[in-house]
Amino acid sequence: MQVENNFEELHIFEDKDMNKVCDALFNFVKKHSGEEISICGSIAKIFSDKLPSIYKPKDVDFVVSKSAFVQLTRMKINMNNIVTIEKQPNRLIFYTLGSACVELWAFDSEDENKVKKYYKNKISYLI
């Protein structure tokens, strides 16, 4: 599997470690489930110009299919810059060394009408 570092290459976040965490999560999910995660929430709104680029999100939200989500909740996940992982029924919360966290949500009915797009042809997001 080819490792992708799109967050680092595009400098999505000023925090270099957050870019590394997002790339690591993307690659981990793709390697273990065969699926691509998509950004959702406020970052997706920034990508689609529905929020100003100066908006400071409190976390980064990703979404993946329910089957991949269930598969991932059963795995031991070790990633650099992740302090702990909180497992909830519909999301995994990855607490980073910094002040932000990354959430991986299970795809649900709220996501069904959203359209998948690509930010700069590299990062999948739902809007």
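Here are the numbers for this structure:
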{"item": "Sole residue being at negative phi, among the small types (G, A, S), out of contact with any Asp or Glu (no Cβ under 9 Å at 6 or more places or on another chain) and open to solvent by less than 70 Å² (accessible area, probe 1.4 Å), chosen from S53, S65, S33, S42", "result": "S33"}
{"item": "Qualifying residues in segment 1-16 (those that are in contact (Cβ under 8 Å) with a residue 60 or more places away in the chain and open to solvent by 70 Å² or more (accessible area, probe 1.4 Å)) - the one farthest from N121 (Cα to Cα)", "result": "D15"}
{"item": "Qualifying residue in segment 111-126 (condition: open to solvent by 70 Å² or more (accessible area, probe 1.4 Å), assigned to a strand (DSSP E or B) and either in contact with a helix residue (DSSP H, G or I) (Cβ under 6 Å, 6 or more places away or on another chain) or among the hydroxyl-bearing types (S, T, Y) (or both))", "result": "yes"}
{"item": "Pair list, Cβ under 8 Å, 6 or more apart: segment 99-127 residue more than 25 Å from H11 (Cα to Cα), other residue of a type in the set (V, I, T) and not in a loop (DSSP other than H, G, I, E, B)", "result": "A106/V63; A106/V64; A106/V70; F107/V63; F107/V64; D111/V63"}
{"item": "Given (1) closer than 27 Å to Q2 by Cα; (2) open to solvent by less than 80 Å² (accessible area, probe 1.4 Å); (3) at pLDDT 95 or above; (4) of a type outside the set (D, E, K, R), number of the condition I77 does not satisfy", "result": "(3)"}
{"item": "Pairs where the first residue, in segment 18-33, is closer than 12 Å to F94 by Cβ and the second is among the hydrophobic types (A, V, I, L, M, F, W, C) and part of a helix (DSSP H, G or I), C-beta under 7 Å, 6+ apart", "result": "C22/F7; V29/A68; V29/L72"}
{"item": "Pairs with Cβ under 6 Å, 6+ apart, first in segment 55-70 and closer than 13 Å to A44 by Cα, second open to solvent by 10 Å² or more (accessible area, probe 1.4 Å) and of a type in the set (S, T, Y)", "result": "P57/S42"}
{"item": "Hits in segment 76-101 - residues which are touching a helix residue (DSSP H, G or I) at 6+ places or on another chain (Cβ under 9 Å), β-branched (V, I, T) and in a strand (DSSP E or B)", "result": "I82, T96"}
{"item": "Segment 80-110, residues that are open to solvent by 80 Å² or more (accessible area, probe 1.4 Å) and among the small types (G, A, S)", "result": "S99, S109"}
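For every residue, the table says whether it meets (1) closer than 23 Å to I127 by Cα; (2) among the charged types (D, E, K, R).
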{"site": "V64", "(1), (2)": "yes, no"}
{"site": "L97", "(1), (2)": "no, no"}
{"site": "E103", "(1), (2)": "yes, yes"}
{"site": "K114", "(1), (2)": "yes, yes"}
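The values are calculated or read from the model by the stated rules, or taken from the named source; none is laboratory data. This structure is a prediction, so every number in the text was calculated from the model and none was measured. As a convention, Cβ positions derive from the backbone with ideal geometry for all residues, glycine included, and neighbour counts pool all protein chains shown. The accessibility values were calculated without ligands, DNA or RNA, using every heavy atom of the protein model including side chains. Shrake-Rupley method; radii C 1.70, N 1.55, O 1.52, S 1.80 Å.
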